[in-house]
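To keep things clear, I will list the structure first and then write my remarks on it.
Where a number appears in this text, it was derived from the coordinates with a stated rule and is not lab data. Keep in mind the model is a prediction, meaning the values are calculated, not measured. Here the Cβ positions follow ideal geometry from the backbone for every residue, glycine too, while neighbour counts run over all protein chains shown.
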Amino acid sequence: MNKTKVFAVLVIILILSTYYFEFYSPQKEEDKLAQESKIIQDLPEQIHQVQVENSKGKVLLKRDAEGWTLLEPFQDWADNQFVEDFVSGLTSEKSLGDAIEQSPIDWGLYGLDKDYAKVTFTNQLGKSTVISVSTKKNFEGNSFVRRDSESRVLLTSSQWAMRSQSSAMDFRDKRLYRGKIGTVDEIRVKSSKEEFTLIKKDGKWLSPGAPDLKLDQNKIREILTSLNEIQAKEFLLAMPLSQEKASLSLKSGDKNWSAVISESADKTLYAAIKDPKFLLKLERGKAEELFSMTLMTLRDRREPFDFKNLLVQQIEVETPLKKWSLKKEKEGWRLSGEKSALIEEKNVRNLIARLSESAVTEYLEKMDQSRFVASNKLVLRGEGGEELFRLAWGQTIKKKALVGERDLVLTKTDLFADVFGLEPSVVESWGLAGLLPKDAQ
C-alpha cells in the first residue's frame, strides 16, 4: 500500500472516530439516560392492560384488536381516545429526580403509606409495573410516586396525581351513538314539528316522500357526526319524569339503533337508547337541534342562488329610491342608456360572485312567509336579454335563535318556491350600495 492510500485510510479513521466520540456516543448516552428517567419503560403501544385504584374504586381496562374495553367495575365500551391519551400521557412522563436520598424512608411523610392511588400498566408479555401515587405534593406542585416496591420516592409532574384519580365514568364510552356514521343508510326523525325519513341512495341522501327535494348533504352528515359528539353526563337506572321532545332511529345494514330524547321540568335532557340499551342524562346543546327539525331545515341552502353566473351580461336593480341597470359593453360595464364613466369591473364581478355564493340563513314557516312584501328587486340577464336570475327582498323580521333573537331579511328568488330568511350581512355583502359612481347614486 502506497503512502497516499495509507494517509487516506488514516483520515477516514480519524473522521469516524471524531463522529463517534463527538456526536454518536454522547447522543447514545443521552438517549439511554432519557429512557432510564421514564417512570414506565414500555411504549404506549406495548401496554395492553391498565388498572386504576383510588378512593372512587377500581377500574380495569383491556385492549384487543377492536380497541379498549372496560372490564371493572362493569363491562362496557371504553372511550378509546381518553384511554389512549391516558396511556400515552403517563408512559411519556419522566422522573424529576429522587425526593429523598436517605434510608430508611418515612413513607407517611410523602403520603405513600396509605390512602394513595395505584396505576398498574401491563404490557403484551404480561409484565406489570405498579405506580403508587400520593395525593401530597411538594412546594413546586410536583407529585410523589413509588415504582413497584422500590425504596425510592420519585418526583414527577402533577400529571400523575391528576390522571390517577380518574373514575370509571371518565374511561367509559359516553357517546349517544357509538356506531360508525359512514355505514348508516336510513334515518328516521320525529320532532315536535314533523316526522320524516331519509335514505341514502347512490351515496346521496334523499327523502322518499319528496325525492325531488334537494337536500343539504353536508347538513345531514353534520347531524350524524353530532350523534357521536353528544355525550352522556350520567348513566341512569331509571328515567326521571320528563316529556318526549324528539325521537331518532338509524339503520345500518341489518342493525337498528334508536333514541328517544326527553326534557324534564328543570330543563334537564335525557335519552333512552336501544342497542346498547341505556338510560342517559345528556349534555345540553347539540341534542336540542332535533326538537324542531323538519325536512325544510335540511334543504340545500344554496339552491335558491344556483344560477349561471358566467353568462351574466346585464343587471337590473330596483329599490324604493332608484331604478337602474348596467350592461356589459366591449370596453366594460356602463349604466344602460348613458355614456357615463365605466363601472369598476371588480365591483360588478363581486356582486355576481357574492350572489351566486349566497346561502339561505333560515327556511321559514308559512306564517312568516306570508308577511313578505318585496321592496327591492334585482334581475340578471344574458347577452340576448334572456332572464338568468330574479331576486326580491323586503322587510326585516326577528326570529328566535338558540340564544336570544336574530334579524332576518325576507327574500325570494325565481329558483325557489318559498320565501326564506337571510342575515342582513349577506345582503350587505352583495355591495349594491357601492356599485354606482357617487354622481349616479
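Along the chain, the longest continuous region that contains none of the chymotrypsin sites (Phe, Trp or Tyr not before Pro) in a DSSP loop with at most 11 other C-beta atoms within 10 Å is 140-441. Within region 170-199, whose backbone N sits under 12 Å from a point 7 Å along Cα→Cβ of Ser207? Answer for this model: 189, 194-199. Sorted fewest first by neighbouring Cβ atoms within 10 angstrom, Met367, Met169 come out as Met367, Met169.
Annotation: amide H-H contacts under 5 Å for Arg172 (H modelled 1.01 Å from N, sequence separation of 5 or more, or interchain): Asp79.
Helix 25-36 axis versus longest C-alpha principal axis of the chain: approximately 90°, rounded to the nearest ten. For the chain, the residue among Gln313, Ala259, Ile273 whose Cα projects farthest onto the positive side of the dipole built from Cβ charges is Gln313. Once the trypsin sites (Lys or Arg not before Pro) in DSSP loops with at most 11 neighbouring Cβ atoms within 10 Å are cut out of the chain, the longest remaining piece is 1-113. Once Kirkwood radius over Cα pairs in Å is calculated for the structure shown, the corresponding label among [x] 22.0; [y] 25.0; [z] 28.6 turns out to be [z]. Footprinting exposure proxy ranking of Leu206, Leu227, fewest other C-beta atoms within 10 angstrom first, gives Leu206, Leu227.
Using the rule -39500 (n - 2.57) for each DSSP H run of four or more residues, divided by the residues of the chain, the 222 nm mean residue ellipticity is -5500 deg cm²/dmol. Here the chain is treated with +1 on each Lys and Arg Cβ and -1 on each Asp and Glu Cβ, and its dipole about the Cα centre works out to around 680 debye. Among the GluC sites (Glu not before Pro) found in region 187-241, those both in a DSSP coil and sparsely packed, with 13 or fewer other Cβ atoms within 10 Å of their Cβ, are Glu194.
The HN-Hα couplings worked out from phi for region 66-73 by the Karplus form 6.51 cos²θ - 1.76 cosθ + 1.60 (θ = phi - 60°) are 8, x, 8, 10, 8, 9, 9, x Hz, whole numbers, x standing for Gly and Pro. What is the distance in Å between the Cα centres of region 252-281 and region 53-113? Between the Cα centre of region 252-281 and that of region 53-113, the gap is 32 Å.
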